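The values are calculated or read from the model by the stated rules, or taken from the named source; none is laboratory data. Predicted, not measured: the structure shown is a model, and the values here were computed from it. Cβ coordinates were reconstructed from backbone atoms using ideal geometry, including for glycine residues, and neighbour counts include every protein chain displayed.
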Amino acid sequence: MLLEVKDIHVHYGKIAALKGISVEVNEGEIVTLIGANGAGKTTTLKTISGLRGLTSGRIIFDGQDISKMPGHKRVVAGLGQAPEGRGIFPGMTVHDNLLMGAYARTTNSSKELAEAYELFPRLAERRDQAAGTMSGGEQQMLAIGRALMAKPKVLLLDEPSMGLAPLLVQQIFSIIEEINRRGTTVLLVEQNAQQALKLAHRAYVLETGKVVKSAPAAELLDDPDVQAAYLGGGMGHEVPGQAGQAAPEERA
Ligand SMILES: Nc1ncnc2c1ncn2[C@@H]1O[C@H](COP(=O)(O)OP(=O)(O)OP(=O)(O)O)[C@@H](O)[C@H]1O
Ligand SMILES: [Mg+2]
């Protein structure tokens, strides 16, 4: 097992945000956490990346207990992060933002740079543009590209599709799939449960700081409770305003 979150409890002041969450991620997997607003998904990712301390429980990564390791050392150890809210440097160019992502590495990063530009051609077009002037979707791509520069063993993604137009959502999800296919393990938090479950191998359902279900993602897609709560009742939801738009495959 590459990443093991064992019964973690996390508090914000007196408020218990996580009440004993356990999550396992095997090498090569895409694992997703789904759940309503406030369920504790972001807190779980932040605790794994070291942005939040835990009250109790343990986090084991690549055979090492990292529960008390500072966040920047976790990046060096191989935990890649593209945080909610992007966290890019707005005044720096796209190119320099990408290079910053490799700060923890001692070897040459030209291969990773080429790969980031290959995965995100939009970034290549805009390599000299100030990151802060890019669109929300472009900044999201940059955040992911930058995280990949550190050659992480696990990539932690918090709502990569947030605020993106439908076509771009499709694109981001296929890029995540491609990143995984090339060997990076992914732990994905998504509001878009339908898409996340289609992409992931396994999934955990969080409710008010607890895991209430974990199963292969395909199973959860067919689960009536999950459909009712997170998949729009399984009624084959049509998104208004999408009719007449080119399907993603037509644009490829
Ligand atoms: N900085 C904070 N101070 C106090 N409470 C917080 C803080 N951050 C999160 N919380 C609380 O912790 C709980 C879990 O929040 P978290 O952000 O992890 O949820 P989430 O599952 O990511 O939700 P969303 O889908 O809306 O992003 C919520 O009840 C939230 O109000
Ligand atoms: Mg969140």
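Things to note:
- Hey, LYS6 free of Cβ contacts under 8 Å to residues at least 24 places away in the same chain, more than 16 Å from ligand 2 (Cβ to nearest atom), not in a loop (DSSP other than H, G, I, E, B) and not β-branched (Val, Ile, Thr) or not: no
- Comparison of GLY40, GLY80, GLY91, GLY63 shows that the only residue that is at pLDDT below 95 and closer than 20 Å to VAL154 by Cβ is GLY80.
- In summary, LEU199 fulfils each of the numbered conditions (1) away from ligand 1 (no atom under 16 Å from the Cβ); (2) free of Cβ contacts under 8 Å to residues at least 40 places away in the same chain; (3) surrounded by 14 or more Cβ atoms within 10 Å (Cβ to Cβ) with the single exception of condition (2).
- Tally, over the stretch 15-35, of residues that are more than 7 Å from ligand 1 (Cβ to nearest atom) and either at pLDDT below 95 or of a type in the set (Gly, Ala, Ser) (or both): 4
- Taken together, the residues in the stretch 175-194 that are more than 16 Å from ligand 2 (Cβ to nearest atom), surrounded by 16 or more Cβ atoms within 10 Å (Cβ to Cβ) and closer than 19 Å to GLY28 by Cα amount to 7.
- The residue that is farthest from ligand 1 (Cβ to nearest atom), counting only those in the stretch 36-52 that are polar (S, T, N, Q) and in contact with a Leu (Cβ under 9 Å, 6 or more places away or on another chain), is SER49.
- Residue count for the stretch 32-77 under the criterion of being more than 16 Å from ligand 2 (Cβ to nearest atom) and either closer than 19 Å to TYR12 by Cα or crowded, with 19+ Cβ neighbours inside 10 Å (or both): the result is 16.
- Selection of helices (runs of 4 or more DSSP H) fully inside the stretch 28-118 by the criterion of at least 3 residues being of a type in the set (Ser, Thr, Tyr) returns 41-49.
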